[in-house]
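Q: Once you've had a glance at the structure underneath, I'll fire off some questions.
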Amino acid sequence: MGSKRDSPMNVLSTWLRKRSMKVKILLGILLAFCALVVLKFTIRDPDIFYIASESIHIVGLIALIYKLFAHKSCSGISLKSQELTALFTAIRFGGSIYMEANIHTVLDLALLLLTLLVIWLIRFKLNSTYMKEFDNMWLSFLVVPSTILALFIHPSYALHIWIVRCSWGFARYLETISIFPQLRYMQKAKMVETFTGYYVFALGISRFFSLGYLIIHTYETRGEYLFFFGHGYFWMLAVLITEIVQSFILADFCYYYIKSFMQGQLLRKMPV
């Protein structure tokens, strides 16, 4: 009877570990491409991509909230990342009410309320377990560039006022980099709490669905999608770039997450 070490998962993990970084990147791109092809032919309603993206983010937050209530500790969680998430979600929620008011508005409200609950628990209930020394990134380094970029590149819907369009752009740019404080926290702490790992991995999957939607529609319209609905010549391209950037930011973490899972290891000292 074969040992656990000879299991297919461990064999595959060992083989991947011996490959060069270039090969790993190419394999990751190939896997992502195959996943996109599957999604293209199995999901007919494009809106499902965004619903799945937002729903998976909410599931990740629920994992964090469970940790906070069950373990009575907020160690491993970046308060600043949660505050940035609350900020861009609040702006997106307000813009969604003003511009469309649909299922995404409901999901944004759920995301905002859950994020505010996490912030409240960290600030007032579990503050004694908050590791502030690992969560010291200056938010101005993220908020100010997002604001400046939003002033120049934002949607150009003729029916909406300038401040709403700029706010929508700001929320999009801030969402892209809101995970930075969490990743920096994990790098400084040199470990990843189990439920924090679940949360960040859920964010990675969430962004993949969102990016998949943009790539598939750009391909199907031969690039015309980037210039639909009066978006202008830069806004939709900026959206696509921000999705790609955010996906690459999370891709490295997701790789080590899957590697640790395949090896049957606890997600506590995962390389970050």
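Q: At 1.4 Å probe size, with every protein chain present, just tell me what the per residue accessible area of the range 87-133 comes to in Å². Before the final figure, lay out each step's value.
A: Numbers: 2540 Å² over 47 residues.
So the range 87-133 comes to 54 Å² accessible per residue, rounded to a whole number.
Q: Mind scanning 18/190; 72/190; 40/80 and naming the pairs with a C-alpha gap bigger than 31 Å? Please list the in-between numbers first.
A: Working: 18/190 23 Å; 72/190 21 Å; 40/80 36 Å.
Check vs 31 Å cut-off fails for 40/80.
Q: Taking the convex hull of the Cα atoms, report for the range 115-241 its projected area averaged over all directions, in nm².
A: Numbers: hull surface 38.4 nm².
One quarter of the hull surface, i.e. the mean projection, equals 9.6 nm².
Q: With a 1.4 Å probe and every protein chain kept in, tell me what percent of the accessible surface of the range 148-205 is carbon plus sulfur.
A: On the way: 1740 of 2510 Å².
That share works out to 69 percent.
Q: Starting at the first residue of the range 82-88, write each ³J(HN,Hα) from the Karplus equation 6.51 cos²θ - 1.76 cosθ + 1.60 with θ = phi - 60°, in whole Hz, x for Gly and Pro.
A: Going residue by residue, I get 5, 5, 5, 4, 4, 5, 6 Hz, with x marking Gly and Pro.
The values are calculated or read from the model by the stated rules, or taken from the named source; none is laboratory data. As the structure is a computational prediction, the values presented were derived from the model and not from experiment. Heavy atoms of the whole protein, side chains included, go into the accessibility calculation; ligands, DNA and RNA do not. Shrake-Rupley method; radii C 1.70, N 1.55, O 1.52, S 1.80 Å.
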